[in-house]
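What follows is a set of notes on a single structure, which appears directly below.
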Amino acid sequence: MVITETSLAIYNKTLYKDLNPESLPTWLRVNLANMIADDTDTWAKEFSKFNSGTHNAQWLVVDMKLTPGASANVVRMVEQIPGFITDLDVTDLMYEHGYLGSYNIAYNPYIFDVAGYREQGFSYWGDLRAVLLKEAEPEIKTAEDALNLIVSN
């Protein structure tokens, strides 16, 4: 599996009351999920245990052993804020767009609202990096093209 992480800001400061000191740090939960899981669903379930509410992030978990064209659980998006973890199978979204971007903005509508992104005027698809990636994506033909875009971003 391949796992990426993008930090999420917490604009709703009342969520900090849900920090849990009797939990496991994020780095440990990630390592445990990586060792235990053999699919995206299991990774999300294992990672979600003992949420501390610290190092809040969006995780993209890709199951590389599934055959191209698999209809579900190829890509799972896990988002964590204090007191909440959501996970979505975003395989269809990846197929629809041809890629998945991560912009330091919550995608899950619940996390987006509760963490305060809407109140701050953010838009997942309207984020400047999302717009730039959508415009550049048709021109990306090689790994070097993708790397050049990432470096310029």
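The values are calculated or read from the model by the stated rules, or taken from the named source; none is laboratory data. Values in this document were obtained by computation on a predicted structure and should not be read as measured data. So basically every Cβ, Gly included, is an ideal-geometry build from the backbone, and we count neighbours across all protein chains shown.
For region 129-143, a residue qualifies if it is assigned to a helix (DSSP H, G or I) and surrounded by 10 or more Cβ atoms within 10 Å (Cβ to Cβ), and the qualifying residues are 129, 130, 131, 132, 133, 134, 136, 137. The selection criterion, being in contact (Cβ under 8 Å) with a residue 60 or more places away in the chain, under 30 Å from residue 118 (Cβ atoms) and within 14 Å of the chain's Cα centre (by Cα), does not hold for residue 57. Could you tell me whether residue 14 is under 24 Å from residue 112 (Cα atoms) and without any contact (Cβ under 8 Å) to a residue 12 or more places away in the chain? It is true that residue 14 is under 24 Å from residue 112 (Cα atoms) and without any contact (Cβ under 8 Å) to a residue 12 or more places away in the chain.
If you check 28, 66, 19, 88 for being under 19 Å from residue 114 (Cβ atoms) and free of Cβ contacts under 8 Å to residues at least 24 places away in the same chain, only one passes: 88. Mind counting the residues in region 84-128 that are assigned to a loop (DSSP other than H, G, I, E, B), surrounded by 14 or more Cβ atoms within 10 Å (Cβ to Cβ) and among the aromatic types (Phe, Trp, Tyr)? Total meeting the criteria: 5. When the residues of region 46-67 are filtered to those that are in a loop (DSSP other than H, G, I, E, B) and out of contact with any Leu (no Cβ under 8 Å at 6 or more places or on another chain), the one that is modelled with the lowest pLDDT is 67.
Restricting attention to region 47-66, the residues being closer than 14 Å to residue 88 by Cα and β-branched (Val, Ile, Thr) number 2. Across region 1-35, the qualifying residues are those that are among the hydrophobic types (A, V, I, L, M, F, W, C) and under 19 Å from residue 89 (Cβ atoms), and the one among them that is surrounded by the most Cβ atoms within 10 Å (Cβ to Cβ) is 33. Inside region 68-83, residues that are in contact with a Leu (Cβ under 8 Å, 6 or more places away or on another chain) and surrounded by fewer than 20 Cβ atoms within 10 Å (Cβ to Cβ) make up a count of 2.
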